1. Considering only the stretch A:87-102, I want to know if a residue exists there that is under 22 Å from A:Leu142 (Cα atoms), in a helix (DSSP H, G or I) and not aromatic (Phe, Trp, Tyr).
2. Out of the stretch B:243-268, which residues are buried (at least 23 other Cβ atoms within 10 Å of the Cβ) and facing another protein chain (nearest Cβ under 8 Å)?
3. Within the stretch A:757-774, track down each residue that is aliphatic (A, V, I, L, M) and under 32 Å from the mean Cα position of the chain (by Cα).
4. Just to check your reading of the model, which residue among A:Tyr722, A:Tyr699, A:Tyr680, A:Tyr747 is crowded, with 17+ Cβ neighbours inside 10 Å and touching a Leu at 6+ places or on another chain (Cβ under 9 Å)?
5. Here are the criteria: (1) within 14 Å of chain A (Cβ to nearest Cβ); (2) over 20 Å from the mean Cα position of the chain (by Cα); (3) among the polar types (S, T, N, Q). Tell me which single one B:Ser230 does not satisfy.
6. With the condition kept exactly as written, say whether any residue in the stretch B:152-169 is β-branched (Val, Ile, Thr), within 14 Å of chain A (Cβ to nearest Cβ) and touching a Phe, Trp or Tyr at 6+ places or on another chain (Cβ under 7 Å).
7. Condition (residue is within 14 Å of chain B (Cβ to nearest Cβ) and at pLDDT below 95) applied to the stretch A:705-713: is it met by at least one residue?
8. Considering every residue within the stretch A:296-315, establish whether at least one is closer than 28 Å to A:Thr671 by Cβ and within 21 Å of the chain's Cα centre (by Cα).
Amino acid sequence: MYIGKSIYRVDSLEKVTGRALYVFDMELPGMLYAKLVRSTEAHAKIKKINIERARTYPSVVAVITGEQLREYKVGIYVADRNMLAWDKVRFIGEPVAAVIAETEEAAERAAELVDVDYEPLPVITDPERAFEERAVLIHENLGKYDYYRGYINPIPNTNIANKFVLRRGNIEDGFSKSEMVIENNFTEDMMNHVYMEPMSVIAQWLPDGTLEIWTSAQSPFAVRYLTAKALHIPESKIIVHVPYVGGGFGGKAGVNFEPLVAMLSKMVGGRPVKLALSRYENFLAAPSKVGVRAWVKTGVTKDGKIIAWQARYIVDSGGYADYAVNVGRTMGYIGAGVYDIPNIYVESYTVYTNKPYATAFRGFGVLEAHWVIERQIDIIAHKLGMDPFELRLKNIVRPGSSLSMGQRVDKGNGDLEQCLKMAKDLIGWGKLGEKVDDYTYRGKGLALSIKGPSVPANNAAQAFVRLNEDGTIDVSIGTTEIGQGTLTSIVQIVAEEFGVPTDRVRIDTFKDTSKSAYTWQTVGSRSLFYDGNAVLAAIADAKDQIRKIAARVFNVEPSDIEIRNGKVFARNNPSSALDLKDIAMGYTLPNGNTIGGPIMGRGYFNRPDLTVLNENGQGNPFPFVTFGAHAVEVEIDVLTGRVKVLRYVTVFDVGKAINPELVKGQMIGGTIMGISYALYESLKFDEGGALLNPNLIDYKVIRSNNIPSDIITIILENPDTYGPYGARGIGENAMLGVAAAIGNAIYNAVGVEVHELPMTPERVWRAIKEQRPELLEGW
Amino acid sequence: MILPPFKLYKPRNIDEALEVLEERGDEVVVFAGGTKIMLLMQWGMARPNYIMDIKSLGLNHVKYEDGKLTVEAGVTLNELIDNEVIRERFSLLYETIKSIADDIIRNKATLVGNIVDAAPYATAVPAFLLLNGKAVLRSKEGTREVGGLDFFVDIMKTAQKPNELVIAIQFDEIKGKAKFLDFKGDSLFSVVNVAAIKYSQDGHDLVKVAITGLTNKPVIVDFSDQYAESKGNVDAFLRKAREYIRSEYKTEVIADARASANYRLHVTSVLVSRTLEVVVHE
């Protein structure tokens, strides 16, 4: 009825009419405005902060510095960050003070009057240098910080915030048996999420000591948990509200400015204080995406069997560890992606540099790893003289084998081979690329991808399903609406299970941690899978309650009761049915007695069989994995190096498309974001650590005229063993293979290997000049 | 973000505007479309004490007379695109304007503003140079004209004096063949803008190229002699032109976050070659 239907999103009317509420637009009575004073040094001791002129500026209520907040430390995995820099700054843009005023303008003008004396320290911007460096330490107290033991592994007296190692088989043995060994280096620049709504937080304290927060954040429960931890208060004393979120892409996955704004409010007597960043400030002070330096070495037999895979990632986390340490970890444990290789050794080092810090980003380490893996696979094919399609077919995991971290693959994970074959056919896979004219070449490239949520084994989701007096249904889950549309699919599930129209089901689009059902975080493409299953459990619980009541009304066993099309009846007597509304509040007999009471189903979902990774990075970490294939046709102007994407094919085995248009939207969106990441986006820093392009003119994001008009999306539905209706996640997946597919297509077109992301025109030109100068003869 | 405080002048006629400039021209930023000053203020790179809005001065006319085009200061880029005279008689200008920003920004941005901005990436300056562009400058003292390279003194600095307002820009109609190309890498602003033109004068073929973005100041290169010497061998001519660009500007070429010196020089030679190829084609 509703599963597999592309109904309109539940949030669409609010969003297209401009009624949708975002924290950025919110105002509370008596609200004050905060502005941050940001560091102008990349690495320096703070000697003195002069706040007098700011403090006495008209309408200023308070000026807060790191000194007043020094006992509070924040950090999801490593508690390495002060809310406002104290004693030291570690990147240009780091907040060192906050001005709170009656108007935004006063706060901004006064913030300019805060004067900071710095004592500069040596600056490290290069992650490889940070990795080697022992004399200059960005976090000299790394050995003393609290951190998530058993999961993250910081190395004291270095700039290494996390070391992760994956081992499988015997790598030396693997190389000794190899008939050819191929080594390559790859790089990826740091990038920015460019979510539409900049970071925004409002906080206030109620008279009874309750902290109330409104935030544009993906994970309200993580905000509550981590803020409680940072401020040493119980979670029952914090309420986190999240309305619509104007995009997140991982940039708002964890905790960011909430603890700071909470403390700012506290220091002005609990009055509501709002911090909303401008786009410019967001580039500087809000976290972005890790950069990567990668080295990979692969051993193969002459007939194309990959038997050894070694890699080392140096992951640039900027000034603080935040979520990036787990991104680095995941980059390691995804190992060799979709390939079945007996001997693997991967090291991943997440390092500190004096640049704005990094956090989660769509793809979460698996994105970055795929640039390396899927490019390396093609280069191996070129060196062996093999078709990259054939090499992939020969080495992909199949049901019965296992992934690099040891997790077994079976039919319930979907059909990777089918994805690969369809992508290859639909792009029109042939031989070498064609020459359009003297300086314009076309080529095609393939890539495969895999991802599952990178989550703690015990992460869970909860759901509530409550009947209203008229038989309509309210459902609550913990997932936020960040643009991905999960909430709509949940409504479809509830409607389907009760057999009622979708407009008789309401889902809580806004979250309130004191009322909403819990989910771990809205990240990792986990939401439909976890929350969908929790909702099914809650529905089963509600139906249980309905059956018990109806059984007594109809004088049958509960198992004889059917609930269909909004009606409740005994199987042997369907004509004598009750409406849901007759049971919603319990059933009232003619004499006034009641059977049962208000119906509220509750349920949860987790995968109790997931494990942590052992000291070799082996375990059973993924609740599901989604396989997919990417194919692209590009056109290159060799004289300028400009790459244009002509056609794109994206094939994913999502298990079940509960709302096909939404799935398609994710696939197209992921493709577009992937093209942007592959060709344009890069945070550019000078050697002093200053960000040269903190704006949308010089940080180029793909625009409509760069998008290929031809994006073919194919949805395969081989059901997942554990997914709701067999559904798997898709949110991040469609982006993973785009960059490598394009890089591979460039080789197919002009025989040039590109190793850097993004593949800007200048970089492509340079590669052509170095590798195939004859193409540029006379130019 | 809140813009820094400033005082806004909205003169009702040109005389009022000139009064303001006479009094405090060095502190005033003139504003029509505002696409430059708004950005600079948002990025914290400009803090003008005074901004003068010239949109009410009635400088919205486009005049074509006796082979001369006059575009007044308030005329927006989209107004020019919609103008038949531009499309039919000033194809170089038309092609140039269509490359500037996007349709939405072109509703506000002005042609005069783009030229007077004198940014290295100023798209319309090559067309200005090749069409004998002249800036019409008015002050309380009177009116004068400054044209060609003389108008561009340095990066983002023109010959305009603090008490002068650029009322309009004039272009000559040149009957010949022209072509404009720009190159945008991973930025929305151009790395380099190139226009080429070929026309006859006194029985000779003149072939010229104008470039912004290559060096601090705009550049005009006269290729007429090389073209004549090539005697119809287009490939040889283009090769020579490319070599000329690469050697002549090797030391002056600028480098920034948008392109290295090396790449910029190369792309310029590519665009010069491609535009020349179009204009010399029979």
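1. So far as the stretch A:87-102 goes, no, none of its residues is under 22 Å from A:Leu142 (Cα atoms), in a helix (DSSP H, G or I) and not aromatic (Phe, Trp, Tyr).
2. Listed by number, the residues that qualify are B:Arg258, B:Ala259, B:Tyr263, B:His266, B:Val267.
3. Start the filter on the stretch A:757-774 by keeping residues that are aliphatic (A, V, I, L, M), which leaves A:757, A:759, A:764, A:767-768.
Correct list: A:Leu757, A:Met759, A:Val764, A:Ala767.
4. It is A:Tyr699.
5. Looking at each condition in turn, B:Ser230 falls short on (1).
6. Checking the stretch B:152-169: not a single residue is β-branched (Val, Ile, Thr), within 14 Å of chain A (Cβ to nearest Cβ) and touching a Phe, Trp or Tyr at 6+ places or on another chain (Cβ under 7 Å).
7. Yes, the conditions are met somewhere in the stretch A:705-713.
8. Checking the stretch A:296-315: at least one residue is closer than 28 Å to A:Thr671 by Cβ and within 21 Å of the chain's Cα centre (by Cα).
The values are calculated or read from the model by the stated rules, or taken from the named source; none is laboratory data. Nothing here was measured: the structure is a model prediction, and the numbers come from that model. Here the Cβ is made from the backbone with ideal geometry for all residues, glycine too, and neighbour counts use every protein chain on show.
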